[in-house]
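Visitor: Below you will find the structure I want to go over with you.
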Amino acid sequence: MKFIHFADAHLDSPFRGLSFLPSEEFNHIYQAADQSLKRIVDLALAEKVDLVLIAGDTFDSSQPSPRAQLFFAEQVKRLTDAQIQVVMIFGNHDHMKQEDLLVSPSPYFKLLGNNETVEQATFTTDAGFNYDVIGFSYLNNHITEDKIPEFPAKGKNYTFGLMHAQEKSATASQNVYAPFTVDELQNLNYDYFALGHIHARNNLSSTPWIVYPGNIQGRHINEMGAKGCYLGEIDENSGKTTIDFKETGPILWQGPKINLEGAISKADLQAKIIAKLESGQKTYFSLTIAGAQYLSAEERDLVQDPDFWQTISQSLPFASQLVDVRFVVNTSLKLNDNDQQAFQAAKEELFAPAEFKQIVSDWQKKDPEAAKLAADPDFIAAVKNLTEVKLMSKLKGIKDETETN
């Protein structure tokens with residue numbers, strides 16, 4: 001028996017922060033998850049699999065667009081027309097009612113565990129191999145209780161568990177996605193747990209298999225690396241299962257880094273950046289420049305300009321794109337104890353909650369969107385980082401001038 005396991009397609013994901021891209025390029029990345037899903041279905045048909053397991057968050061919201069719904073329904077129909085069994089669950093993003101899903105009724109399609117009830121379904125392959133799939137769907141965006149005690153004992157059939165869930169954390173506030181422990185799953189003695197929710201690929205156990213396939217297409221720089229699905233094969237005599245990751249995402253995200261050890265000309269900086277952005281397929285790069293205190297204010301402004309990113313991108317193969325530049329200050333600049341203490345105190349004072357709130361309040365009077373940015377941890381971290389770069393650059397200039405004199 002062959003099967004495919006995927007999760008977290010997040011169809012209709014908005015891909016915020018990339019609006020500076022040319023419209024054709026932005027449309028390409030917007031459609032990347034669709035392309036990845038289509039490739040998964042192509043793979044299922046080519047491999048003549050018996051089963052496709054979809055472990056939640058197929059859509060990015062509980063009210064997906066008609067376009068996304070119809071596209072998904074079309075891909076499911078390709079599978080069911082080929083008599084491939086499809087079993088899916090809803091996750092915390094696409095928690096919906098069953099009647100809101102626009103998939104045509106078919107004996108080869110099953111939405112499992114509607115209304116957050118653990119449900120068991122039994123199927124038989126054309127070769128006569130019996131298997132069970134047991135799982136539940138979200139009806140709300142959070143499930144705080146441990147659902148594992150509701151799972152039935154394993155019967156004589158090969159058994160899949162299907163969950164959109166997260167490992168139990170020591171921090172109670174984080175246990176809002178059907179929290180579980182690996183020991184709990186292992187004690188059920190099922191043959192394969194098909195998980196969703198975590199976007200990084202991860203196998204929590206191989207005895208039995210407890211598998212996160214990751215999402216099918218990275219959406220931003222924090223979702224780097226190859227994305228796709230798992231193709232599994234079961235020996236129907238021994239029950240032994242082997243799995244193989246298959247890359248289907250059309251776009252990679254990578255985070256290369258260059259190190260500066262001194263001042264550099266604009267031409268050399270551009271050449272150094274281009275040389276670092278290498279890939280064998282279409283890739284979106286977030287570049288980190290370490291030693292950023294060696295850049296002049298003009299150079300910092302240049303490398304943060306989206307027009308500069310587009311100029312760089314035109315030199316890259318496979319229509320790859322530079323979409324982000326981040327600065328890091330290295331520690332080569334030594335300060336005496338008093339200066340170091342003053343530098344640290346200045347940083348803490350500037351970014352004290354009350355001080356930062358006042359800055360945002362003044363900013364918000366000019367731009368109402370400021371409040372949203374000020375609540376974004378990534379934005380705050382970027383502002384702090386850039387501030388430190390500029391301070392260190394100023395200090396370096398003062399230190400150089402002092403040493404010269």
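Visitor: If residue 52 satisfies every condition in (1) under 21 Å from residue 222 (Cβ atoms); (2) crowded, with 17+ Cβ neighbours inside 10 Å; (3) touching a Leu at 6+ places or on another chain (Cβ under 8 Å) but one, which is the exception?
Guide: Here residue 52 meets the rest and fails (1).
Visitor: Give the residue that is surrounded by the most Cβ atoms within 10 Å (Cβ to Cβ), with candidates limited to residues of the stretch 211-225 that are of a type in the set (A, V, I, L, M, F, W, C) and within 10 Å of the chain's Cα centre (by Cα).
Guide: Applying the filter and picking the extreme gives 216.
Visitor: So, one more: Of the residues that sit in the stretch 118-155 and are part of a loop (DSSP other than H, G, I, E, B), polar (S, T, N, Q) and within 28 Å of residue 239 (Cα to Cα), which one is nearest to the chain's Cα centre (by Cα)?
Guide: 137
Visitor: From the list 71, 20, 6, 15, which one is among the aromatic types (Phe, Trp, Tyr), touching a strand residue (DSSP E or B) at 6+ places or on another chain (Cβ under 6 Å) and touching a residue at least 24 places away in the same chain (Cβ under 8 Å)? Lay out the reasoning, then the answer.
Guide: Working: 71 fails: touching a strand residue (DSSP E or B) at 6+ places or on another chain (Cβ under 6 Å); 20 fails: touching a strand residue (DSSP E or B) at 6+ places or on another chain (Cβ under 6 Å); 15 fails: touching a strand residue (DSSP E or B) at 6+ places or on another chain (Cβ under 6 Å).
The match here is 6.
Visitor: Please go through the stretch 156-174 and give me each residue that is part of a strand (DSSP E or B) and touching a helix residue (DSSP H, G or I) at 6+ places or on another chain (Cβ under 9 Å), ordered by number.
Guide: 159, 161, 163, 167, listed by residue number.
Visitor: Within the stretch 187-210, track down each residue that is surrounded by 23 or more Cβ atoms within 10 Å (Cβ to Cβ) and within 14 Å of residue 166 (Cβ to Cβ).
Guide: 193, 195, 196
Visitor: Here's a follow-up. How many residues does the stretch 56-92 contain that are closer than 16 Å to residue 3 by Cα and hydroxyl-bearing (Ser, Thr, Tyr)?
Guide: Selection size over the stretch 56-92: 1.
Visitor: Working carefully through the options 304, 293, find the one that is surrounded by fewer than 19 Cβ atoms within 10 Å (Cβ to Cβ), touching a Leu at 6+ places or on another chain (Cβ under 9 Å) and not assigned by TED's automatic domain parsing to the domain that holds residue 8.
Guide: Selected residue: 304, the only one of 304, 293 that is surrounded by fewer than 19 Cβ atoms within 10 Å (Cβ to Cβ), touching a Leu at 6+ places or on another chain (Cβ under 9 Å) and not assigned by TED's automatic domain parsing to the domain that holds residue 8.
Visitor: Could you run through the stretch 1-19 and say how many residues are within 30 Å of residue 244 (Cβ to Cβ) and small (Gly, Ala, Ser)?
Guide: The number of residues fulfilling the criteria is 3.
Visitor: Given the criteria more than 30 Å from residue 240 (Cα to Cα), touching a helix residue (DSSP H, G or I) at 6+ places or on another chain (Cβ under 9 Å), crowded, with 22+ Cβ neighbours inside 10 Å and not hydroxyl-bearing (Ser, Thr, Tyr), does residue 22 qualify?
Guide: On the way: more than 30 Å from residue 240 (Cα to Cα): yes; touching a helix residue (DSSP H, G or I) at 6+ places or on another chain (Cβ under 9 Å): yes; crowded, with 22+ Cβ neighbours inside 10 Å: no; not hydroxyl-bearing (Ser, Thr, Tyr): yes.
Answer is no for this residue.
Visitor: Take residues that are more than 30 Å from residue 38 (Cα to Cα) and tell me which of the strands (runs of 3 or more DSSP E) falling wholly in the stretch 239-317 contain 2 or more.
Guide: So the answer is 257-259, 283-290.
Visitor: Tell me which residues, restricted to the stretch 170-199, are small (Gly, Ala, Ser) and touching an Asp or Glu at 6+ places or on another chain (Cβ under 8 Å).
Guide: 178, 196
Visitor: What are the pairs with Cβ atoms under 9 angstrom where one residue, in the stretch 152-165, is within 14 Å of residue 117 (Cα to Cα) and the other, located anywhere, is modelled with pLDDT of 95 or more and polar (S, T, N, Q)? Sequence gap at least six, or different chains.
Guide: What qualifies is 152/120; 164/92; 164/137.
Visitor: Separate question: Do you know which of the residues in the stretch 67-90 that are surrounded by 17 or more Cβ atoms within 10 Å (Cβ to Cβ) and among the polar types (S, T, N, Q) is nearest to residue 118 (Cα to Cα)?
Guide: The selected residue is 85.
Visitor: Another question, if that's okay. In the stretch 89-106, how many are in contact (Cβ under 8 Å) with a residue 12 or more places away in the chain and farther than 15 Å from residue 55 by Cα?
Guide: 7
Visitor: Where residues in the stretch 175-205 are part of a strand (DSSP E or B) and either farther than 27 Å from residue 125 by Cα or modelled with pLDDT under 95 (or both), which of them is farthest from the chain's Cα centre (by Cα)?
Guide: Only one residue fits best here, namely 180.
Visitor: Can you name every residue in the stretch 206-227 that is outside any loop (DSSP other than H, G, I, E, B) and closer than 15 Å to residue 8 by Cβ?
Guide: 211, 212
The values are calculated or read from the model by the stated rules, or taken from the named source; none is laboratory data. Please read these numbers as outputs of a predicted model, since none were measured by experiment. Using ideal geometry, Cβ is built from the backbone for each residue, glycine included, and neighbour counts are taken over all protein chains shown.
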